[in-house]
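The values are calculated or read from the model by the stated rules, or taken from the named source; none is laboratory data. Owing to the predicted nature of the structure, the values given are computational and were not obtained by experimental measurement. Positions of Cβ are generated from backbone atoms using ideal geometry, with glycine treated the same way; all protein chains shown enter the neighbour counts. Please note that ligands, DNA and RNA were not included when accessible areas were found on the heavy atoms of the full protein model with its side chains. Shrake-Rupley method; radii C 1.70, N 1.55, O 1.52, S 1.80 Å.
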Amino acid sequence: MKVAVIGAGVSGLASIKTCLDEGLNPTCFERSEDIGGLWRYTPNVENGKCSIYQSVVTNTSKEMMCFSDFPMPENFPNFLHNTRMLAYFRAYADKFDLLKYINFKTTVISVKKCPNFSSSGQWEVITEKNGKRETTIFDAIMVCSGHHADPYYPLDCFPSIKTFTGDYFHSRQFKNPHGYDGKRVLLVGMGNSAADIAVELSRVASQVFLSTRRGSWVISRVYDNGYPWDICYDTRVQTWIRNTLPPSVLCWVTERKMNTWFDHANFGLQPCDRTQFKEPLINDELASRITSGFVVVKTNAVEFSGSTVKFADGSIEENIDVVIFATGYAYSFPFLDESVINMETSKANMYKNIIPPNLEKPTLGIIGLIQPLGPIMPTAELQARWLTRIFKGLCRYPSLNDVMNDIAKKKEIFIKRFGTKRENRLQVDFVEYLDELASDIGVKPVIWRLFLSDPVLAAALLWGPCTPAHFRLTGPGKWNEARKQILTTKNRVIKATKSRVVNNQEDKSLSLRLLLGAFFIFAMIWALIV
Ligand code: FAD
Ligand code: NAP
């Protein structure tokens with residue numbers, strides 16, 4: 001079976017590898033000259049390609065973010081600079097010999113159903129390289145073209161920006177803090193891009209303002225007991241509790257948890273509509289830069305005039321030199337026509353967030369068009385494993401009626417959990433979504449059964465972080481190292497920071513004393529009873 005993979009970023013690499021594991025024949029087309037997609041930093045902004053700033057460090061941790069059968073090097077820190085991410089993707093491509101399947105500097109121009117699509121499920125793909133076009137027929141398509149290349153730049157919401165005399169541009173254009181010395185900068189928006197850029201610029205600019213409509217919860221990469229936030233947050237038990245609690249109780253618990261680090265109201269950050277879900281900011285320094293006065297939080301910018309900006313609360317800031325619109329991203333698939341995917345409602349219309357339901361044959365899927373409350377990499381990988389098995393007919397693809405019912409049911413749950421805001425449209429619950437795909441593929445561990453045969457592993461699967469290796473324990477694609485990998489996760493997390501080994505004698509003697517104390521109390525009670 002010939003499969004076209006469009007894009008050689010994280011999703012594309014995982015898709016090529018998965019095709020090979022499943023005995024399919026992949027051909028990948030990548031418009032740039034290299035792999036890595038978003039994670040390959042370039043000093044210039046390239047047209048149509050995602051663009052990151054030089055300082056980007058992941059906001060998900062390495063144990064959660066690695067591919068399921070290819071752990072990250074032990075000497076890597078828990079959160080990675082983009083250069084390390086790229087090094088990891090290069091090592092992955094080398095190990096599984098993926099490069100030979102990739103056609104670089106080749107852009108996919110169009111993907112159309114073949115005239116006999118309803119019987120063959122085949123696609124006609126037109127590609128362009130060095131100005132030369134070529135048409136090839138494929139049995140299936142994996143779209144891995146990403147969703148952070150088209151800036152969402154809502155200047156129509158800020159009509160007076162035309163009168164602004166300073167520079168203004170989208171955060172996609174921002175590369176590094178050179179040239180901002182002594183400037184007064186305004187960031188519009190409060191997503192992770194805005195927060196990262198505000199913190200970075202606040203070290204050189206004379207003043208940074210961060211304006212927000214909704215506010216945001218801010219958490220640190222360093223979470224409970226110093227573990228990475230996702231190691232603590234993305235566990236099966238935590239997910240079950242979150243999804244079972246009544247919304248008002250969940251809201252109360254979340255607010256209490258979020259405010260343990262600092263009171264968000266006192267920092268002007270607290271989200272205004274507490275019932276609306278908002279992806280938290282993961283930023284270790286924002287609160288510190290605010291409390292030191294380098295970053296000032298403002299309400300939404302409503303009017304620009306010359307170098308003056310007026311905000312929704314009536315306050316005014318003068319002599320602003322630069323405005324950066326960190327207003328997020330749109331996404332589009334210019335090579336697919338509307339009969340395949342309707343951009344207006346695409347999120348709501350995808351089966352398992354992967355396959356557009358109006359296809360007579362499920363031979364095209366979109367990988368990585370998702371925003372989990374956890375890392376995208378293992379999510380895209382599991383999507384690819386699911387999709388390739390759909391292609392092969394090894395996973396059941398339901399009738400159109402069942403597909404539409406499933407989509408409608410999920411949409412209802414989605415709106416209850418994440419609301420209807422544009423920014424949340426790709427959100428999924430990380431653990432729940434992975435478990436759902438895994439159970440279709442036959443790789444979801446049966447935890448209750450494991451409690452009888454391997455209780456230590458069962459406990460780790462339930463209470464421990466839902467790492468990618470959970471989906472390599474059993475079923476197709478089983479990896480013999482998976483159990484060991486899962487049970488040693490926390491050791492590697494600690495090893496990454498414990499570069500100076502400290503003497504734990506005192507702690508040990510304290511534990512021993514506590515243990516002896518408990519034993520003594522138990523013995524006394526026992527003596528009294530008998
Ligand atoms: P991309 O990395 O965007 O790759 C798509 C590839 O497709 C590109 O190489 C592009 O050139 C190619 N392409 C596009 N169109 C065509 C075409 N027509 N023909 C041929 N090739 C084409 N996620 C996390 O999980 N953790 C993080 O810490 C994290 N940090 C992020 C930081 C920033 C600043 C941003 C913007 C996003 C971050 N994300 C993070 C989300 C990020 O999108 C994913 O990590 C991941 O990079 C998505 O990979 P992808 O392969 O789907 O898309
Ligand atoms: P984003 O999360 O979509 O945030 C966009 C922000 O723009 C929101 O705060 C939103 O405001 C605001 N906004 C949108 N339209 C607006 C309008 N008309 N007027 C005023 N404000 C408007 O985009 P992002 O920050 O670029 O992040 C994109 C993705 O990349 C996210 O998944 C993020 O986690 C990831 N990322 C990761 C890192 C990292 O790993 N270090 C860094 C950057 C980005 P409201 O909140 O008021 O709706």
Unsatisfied cross-links (Cα-Cα over 19 Å) in the set Lys62/Lys490; Lys278/Lys310; Lys49/Lys175
Lys278/Lys310
Can you give the three extents of the C-alpha atoms in the chain along their principal axes, from longest to shortest, in whole Å?
88, 63, 44
For segment 56-112, diffusion coefficient by Stokes-Einstein and Kirkwood Rh (Cα), 37 °C, 0.692 mPa s, µm²/s
249
Could you give me the ³J(HN,Hα) list for segment 303-317, computed from phi with Karplus coefficients 6.51, -1.76, 1.60 and θ = phi - 60°, whole Hz, x at Gly and Pro?
8, 10, 7, x, 10, 9, 10, 9, 10, 4, 8, x, 6, 10, 10
Please list, in order along segment 232-248, the HN-Hα scalar couplings obtained from phi with the Karplus expression 6.51 cos²θ - 1.76 cosθ + 1.60 (θ = phi - 60°), rounded to whole Hz, x for Gly and Pro.
7, 7, 8, 10, 5, 5, 4, 5, 4, 4, 4, 7, 9, 4, x, x, 5
Past the 25 angstrom mark, what percentage of all C-alpha to C-alpha distances in segment 232-346 do you count?
50
From the C-alpha coordinates alone, can you work out the Kirkwood hydrodynamic radius of segment 309-447, in Å?
17.2
Linear extension gain, Asp402 paired with Ser439, 0.36 nm per residue minus alpha-carbon span
11.6 nm
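Which value results when the Cα radius of gyration for segment 83-214 is divided by 2.2 N^0.38 Å?
Compared with the compact-globule rule of thumb, segment 83-214 sits at 1.57.
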Got a number for carbon plus sulfur as a percent of the chain's accessible area, 1.4 Å probe?
54
Can you compute the charge dipole magnitude of segment 371-427 about its Cα centre, using +1 on each Lys and Arg Cβ and -1 on each Asp and Glu Cβ, nothing else charged? Give it in debye, rounded to the nearest 20.
80
Under unit Cβ charges (Lys, Arg +1; Asp, Glu -1), what dipole magnitude, rounded to 20 debye, does the chain have relative to its Cα centre?
780
For a quick check: with amide H placed at 1.01 Å from N, whose amide H comes under 5 Å from Arg221's, ignoring anything fewer than 5 positions away on the same chain?
Asn283, Asp284
If you take the beta carbon distance between Glu124 and Lys411 as r and set R0 to 35 Å, what does 1/(1 + (r/R0)^6) give as a FRET efficiency, to the nearest 0.05?
0.65
Using a simple spin-label model with points 7 Å from Cα along the Cα→Cβ vector, what separation in nm is obtained for Val456 and Trp479?
2.1
Distant-in-sequence amide H partners of Ile109 (H built 1.01 Å from N, under 5 Å):
Ile126, Thr127, Glu128
Rh by Kirkwood over Cα pairs, then Stokes-Einstein D for segment 75-161 at 0.692 mPa s and 37 °C, µm²/s:
191
Average accessible surface area per residue within segment 313-387, 1.4 Å rolling probe, Å²
31
Per the helix-only calculation at 222 nm, which mean residue ellipticity applies to the chain, given -39500 (n - 2.57) for every DSSP H run of n ≥ 4 and division by its residues, nearest 500 deg cm²/dmol?
-10000 deg cm²/dmol
Are any of the pairs Lys113/Lys411; Lys17/Lys361; Lys2/Lys361 more than 19 Å apart by Cα-Cα distance, and if so, which?
Lys113/Lys411; Lys17/Lys361
Given Cβ point charges of +1 (Lys, Arg) and -1 (Asp, Glu) and nothing else, what value in debye, to the nearest 20, does the dipole of segment 272-406 about its Cα centre take?
720
Go through Ala14, Val218, Gly419 and say which Cα lies farthest out towards the positive end of the charge dipole of the chain; charges sit on Cβ, +1 for Lys and Arg, -1 for Asp and Glu.
Ala14
In percent, how large is the relative contact order of the chain, given Cα pairs closer than 8 Å and 6 or more residues apart?
19
Would you mind checking which residues have amide H under 5 Å from Ala330's amide H? H placed 1.01 Å from N; only 5 or more apart, or other chain.
Asp150, Tyr152
